[in-house]
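The values are calculated or read from the model by the stated rules, or taken from the named source; none is laboratory data. Bear in mind the structure is a predicted one, so any value in this text is a computation, not a measurement. Every residue, glycine among them, receives a Cβ derived from its backbone with ideal geometry; neighbour counts consider all protein chains shown. Side chains are part of the model used for accessible areas, which takes the heavy atoms of the whole protein and leaves out ligands, DNA and RNA. Shrake-Rupley method; radii C 1.70, N 1.55, O 1.52, S 1.80 Å.
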Amino acid sequence: MRRIGTYLSFVALFLGAAVLCSCSKSGARGKGGPTVTKIERKIAPALLCDENGKALKSPYAENITFANATVRPNPEDDDELLIELDVANNGPKTVTKLHVWVDFYNRDGRKAADEGELLAHNLGVGDNSSPIRPKSSKRAIIELDSPEDWTGGKIVVTIDDLQTE
């Protein structure tokens, strides 16, 4: 009888540890994981001036907006998060290249991570390999390679390279 009690104790301990591990993983990366609470857009100073250094009255980057961010684990690499968001081109030209730098801030305002990403291109491979047509939007992906310190919060998306046709 004592052996059965010891055996059941070990089984309960093992199952408890398994449940605890699965809960902590899903809490960190699953439904209760990081979320984007706000998206702030910035434009790199170089995109606000013409080739002579004069300020542009209407920089094309002002036509680019970001919305509806979601966060999920990368199914191909459990050390990465995928941040998907809508990228809108509200202008009259096709965006053929859009490179951004994204800063990730925790809810306490502390910067936790950053990542650069091409959100539109014509390279034909990888994520985001399509242009953004005029007056349209597309869903794009930012891969956050080292998300350990980011628990969710605001992201600041800086447009740092933009090409149109």
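Residues checked against (1) at pLDDT 95 or above; (2) open to solvent by 70 Å² or more (accessible area, probe 1.4 Å):
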residue	(1), (2)
Gly32	no, no
Ala46	no, yes
Asp50	no, no
Pro59	no, no
Ile64	yes, no
Glu76	no, yes
Leu81	no, no
Here the residues within the stretch 45-90 that are under 26 Å from Asp127 (Cα atoms), in a helix (DSSP H, G or I) and not acidic (Asp, Glu) are Ala46, Leu47, Tyr60, Ala61, Asn63
Note: among Leu98, Leu118, just one is under 17 Å from Phe66 (Cα atoms) and open to solvent by 30 Å² or more (accessible area, probe 1.4 Å), namely Leu118
Across the stretch 123-139, the tally of residues that are open to solvent by less than 100 Å² (accessible area, probe 1.4 Å) and either outside any loop (DSSP other than H, G, I, E, B) or in contact (Cβ under 8 Å) with a residue 12 or more places away in the chain (or both) stands at 9
Scanning the stretch 114-165 for residues that are among the β-branched types (Val, Ile, Thr) and touching a helix residue (DSSP H, G or I) at 6+ places or on another chain (Cβ under 9 Å) gives Thr151, Ile159, Thr164
